[in-house]
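Chemist: I'd like to ask you about the structure that follows.
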Amino acid sequence: MPAAVKSSFDVAFWFADTALNDNEYLQPQKLHRLMFMAQAYYAAAYGGRKLMPTVFVADDMGPVEPNVYVAFSKGRPDIDVDMFMPDNVELILDSIWRRFGHYTVDRLTRMTTETLAYRQAIGRGKRAEISLEAMRLSFSRGREAPSIDRVVKPKIMLSHTGKAVTVKSWMPGTK
């Protein structure tokens, strides 16, 4: 099943630009934790689908997306990214930012390294891949991190009669 966005850089730039618009400095480690959480919550919300075509690895400092790590090592890279996200992606990213963007790096690192997904991967060794299914399970249960329904709030609109209704993007079933 294809990922919702073309690359992990689309998501990295979205978080970096959002932080800049909110006058907040986005530390590299914080960027990786937010990206990790976005991938996990998207998978939890959309039946195991990937938000971005990427793999996270377990590092001593926490989950890391290795390509973004290298590309951002000397500052913001000069590459073309897609700045217009689909509505369902925008909803997840905005929800992650509103809920966790003000957290410290240490708090986000504690949250992500306490997940079963990270612990299993680091148990296999440094730089071991963190499976998407393990990420999905860790973030959908609500044990190590807030459950999806506490992070992503449904979009509420009014019907033609004025009644409040919950609106969600149509997602075709998987086989």
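The values are calculated or read from the model by the stated rules, or taken from the named source; none is laboratory data. Everything numeric here is computed off the predicted structure, so don't read it as measured data. Every residue, glycine as well, gets a Cβ built from its backbone with ideal geometry; the counts of neighbours run over all protein chains shown.
Chemist: Find the residue count for the range 16-48, including only residues that are under 19 Å from L116 (Cα atoms), surrounded by fewer than 22 Cβ atoms within 10 Å (Cβ to Cβ) and out of contact with any Asp or Glu (no Cβ under 8 Å at 6 or more places or on another chain).
Modeler: Residues of the range 16-48 that are under 19 Å from L116 (Cα atoms), as a first pass: 32-45, 47-48.
If we keep only those that are surrounded by fewer than 22 Cβ atoms within 10 Å (Cβ to Cβ) too, we end up with 47-48.
Narrowing further to those that are out of contact with any Asp or Glu (no Cβ under 8 Å at 6 or more places or on another chain): 47.
Going through the range 16-48 one residue at a time, the tally reaches 1.
Chemist: Restricting the search to the range 151-169, which residues are exposed (fewer than 11 other Cβ atoms within 10 Å of the Cβ) and either small (G, A, S) or modelled with pLDDT of 65 or more (or both)?
Modeler: Across the range 151-169, the qualifying residues are S159, H160, T161, G162, K163, A164.
Chemist: List the number of the failed condition for Y103; all other conditions in (1) outside any helix (DSSP H, G or I); (2) closer than 22 Å to K50 by Cβ hold.
Modeler: For Y103, the exception is condition (2).
For (1) under 25 Å from A58 (Cα atoms); (2) assigned to a strand (DSSP E or B); (3) modelled with pLDDT of 85 or more, each residue gets a yes or a no:
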{"site": "D78", "(1), (2), (3)": "no, no, yes"}
{"site": "D82", "(1), (2), (3)": "no, no, no"}
{"site": "M85", "(1), (2), (3)": "no, no, yes"}
{"site": "I96", "(1), (2), (3)": "yes, no, yes"}
{"site": "R99", "(1), (2), (3)": "yes, no, yes"}
{"site": "E129", "(1), (2), (3)": "yes, yes, yes"}
{"site": "D149", "(1), (2), (3)": "no, no, no"}
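Chemist: For the range 107-123, state whether one or more residues are closer than 19 Å to A3 by Cα, in contact (Cβ under 8 Å) with a residue 12 or more places away in the chain and not in a helix (DSSP H, G or I). Spell out how you get there, then give the answer.
Modeler: We begin by selecting, within the range 107-123, every residue closer than 19 Å to A3 by Cα; these are none.
Looking for residues that are closer than 19 Å to A3 by Cα, in contact (Cβ under 8 Å) with a residue 12 or more places away in the chain and not in a helix (DSSP H, G or I), one finds none in the range 107-123, hence no.
Chemist: What number goes with the only condition from (1) of a type in the set (K, R); (2) free of Cβ contacts under 8 Å to residues at least 12 places away in the same chain; (3) more than 17 Å from F13 (Cα to Cα) that R99 does not pass?
Modeler: The number of the failed condition is (2).
Chemist: Here's something else I'd like to know. Among the residues of the range 4-28, count how many are in a helix (DSSP H, G or I) and within 13 Å of E90 (Cβ to Cβ).
Modeler: Matching residues across the range 4-28 total 6.
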